[in-house]
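A short write-up of the structure that comes next.
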Amino acid sequence: MADVKKLPYYKPQKGLLGSELKEYKGAQGCIPLDTQKNVSIDRLAPGEKPPPPPPKQAAEPAKVQKQAEVPQPKQQPKIEEPPKQLEAEVCENPPIFDLQDVPVAMDNLGWTVSAKLARLWFASPEHIYDNNPKSLQPLDDGDVTLDWALRFGNVKKKYEKLLANDIYSDAAVDLAQKKIFDKISARFSENRGANLGFNTGSSLSDIRQFHIDYQFQLTSISDWDTLDGRTPTDLTGALANFNIYVAIGNVEISGEKYFRYEKPSNLYCLNAVAKITHVFVYVKDNYSFNGEQYLGHWNKSGVIVAPGTWLTGSGSPKHESDIDVWVKAVNKPVDTRKSFFGKFKESDVYFPVFNADYNRWREKHHRGGDFMVYSKPVYLKLKRSIDINIGEICRSEP
């Protein structure tokens, strides 16, 4: 019997020095399975009513047909062929793994926030994100916090650079200048004696509009930034790629006020200078399954990852032949064969999960709602205020 080439894989697990992404290769590798069955989408959605049972059909009496005797051809001598190494092992009935078991695996990995967001998606009404970050979307602002996100990978380092340098860039100051000008010019035109300084905290009740009106800088966090060394974390599972945003918090306005006499009316003007003393900082991302992304191989105990994919970062692996085989096998379940009691065991078989599986599930169950994730904005006083020359603002005087 021909044997099957084992493929290397990576598995996040606890090590002596914390989390690690352990590589299994050679004899410890996994075996791709050739099967018609893949990740299941059959389990009812949360709260979904089961369909009515099909009507019973009367059993038909079995028909016995006499088989005509067919002369058998003479046996030809067998020619022994050298055994070939196959790319996959046939498995007609692998253990069942339902897509709704992914949050179970996340819980087993200790990814509590990832599991909450996944369960929220399954339980939500059917909805597809339109890829417009300013559009009105369902949102969750209670499960992700900025402090939590800063605990992982390189996120805090990028956050500190954002507040120390990036918010003072020319592009950020120009955008803040425009948003402050629009705000105070409208107020000045209504009442020349108004205190033009403002605080944006009263606008937080509509976080989407707050973001549109006052955000002026961001830092992008990649999935690589969320890793613990090379190990995926709860933040990787929850958001992967996302942004941390900075919005205007508190603004003080000063400047010289004067009359400018022009026909046909006089103008009362302010040469405005703004000082941003406080900002709001928050995480924002969309939780959706647009695109064709590979999300790892899963079972109820956790996840393993093919080399050369988004989690391992091994885009230039040492053994290119392994990647070539994985390209063919990445859409197949695999058997890690760790059990002492045979093959195709539930704890050993992992199923590939793609964005497309979530979209198939949504089409079948009419549940599965994409949503926006916001953290509660954190109000911070800047060590160094952002000073902006707003320019001249005028209103007509009778």
Of these, VAL283, VAL378, which one is under 17 Å from the mean Cα position of the chain (by Cα) and either modelled with pLDDT of 95 or more or under 20 Å from ALA105 (Cβ atoms) (or both)?
-> VAL283
Condition test on LEU235, is it crowded, with 21+ Cβ neighbours inside 10 Å and at pLDDT 95 or above?
-> yes
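Taking the stated definitions as given, is LYS263 in a strand (DSSP E or B), over 30 Å from ALA356 (Cα atoms) and either open to solvent by 30 Å² or more (accessible area, probe 1.4 Å) or at pLDDT below 90 (or both)?
Working: in a strand (DSSP E or B): no; over 30 Å from ALA356 (Cα atoms): yes; either open to solvent by 30 Å² or more (accessible area, probe 1.4 Å) or at pLDDT below 90 (or both): yes.
When the stated conditions are applied, LYS263 does not pass them.
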Select from the range 185-198 the residues that are over 20 Å from PHE210 (Cβ atoms) and either within 31 Å of the chain's Cα centre (by Cα) or assigned to a helix (DSSP H, G or I) (or both) and list them in ascending order.
-> PHE188, SER189, GLU190
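Among the residues of the range 254-273, is any closer than 26 Å to VAL113 by Cα and in contact (Cβ under 8 Å) with a residue 24 or more places away in the chain? First the steps, then the outcome.
Pass one, the range 254-273, residues closer than 26 Å to VAL113 by Cα: none.
No, the range 254-273 has no match at all.
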Could you tell me which residue of the range 22-39 is nearest to PHE122 (Cα to Cα), considering only residues that are open to solvent by less than 20 Å² (accessible area, probe 1.4 Å) and touching a Leu at 6+ places or on another chain (Cβ under 9 Å)?
-> VAL39
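May I ask you to say which residue of ASP213, ASP182, ASP147 is in a helix (DSSP H, G or I), under 22 Å from PRO377 (Cβ atoms), touching a helix residue (DSSP H, G or I) at 6+ places or on another chain (Cβ under 7 Å) and not hydroxyl-bearing (Ser, Thr, Tyr)? Please lay out each step first, then the result.
Values: ASP182 fails: touching a helix residue (DSSP H, G or I) at 6+ places or on another chain (Cβ under 7 Å); ASP147 fails: touching a helix residue (DSSP H, G or I) at 6+ places or on another chain (Cβ under 7 Å).
None of the other options fit; the residue is ASP213.
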Restricting to the range 360-398, what's the tally of residues that are part of a helix (DSSP H, G or I) and either of a type in the set (Lys, Arg) or exposed (fewer than 15 other Cβ atoms within 10 Å of the Cβ) (or both)?
-> 4
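The values are calculated or read from the model by the stated rules, or taken from the named source; none is laboratory data. All of these numbers come straight from a predicted model, not from anything done at the bench. Virtual Cβ from ideal backbone geometry, glycine too; neighbours counted across all protein chains shown. Remember, those area values only see protein heavy atoms, side chains included, never the ligands or the DNA or RNA. Shrake-Rupley method; radii C 1.70, N 1.55, O 1.52, S 1.80 Å.
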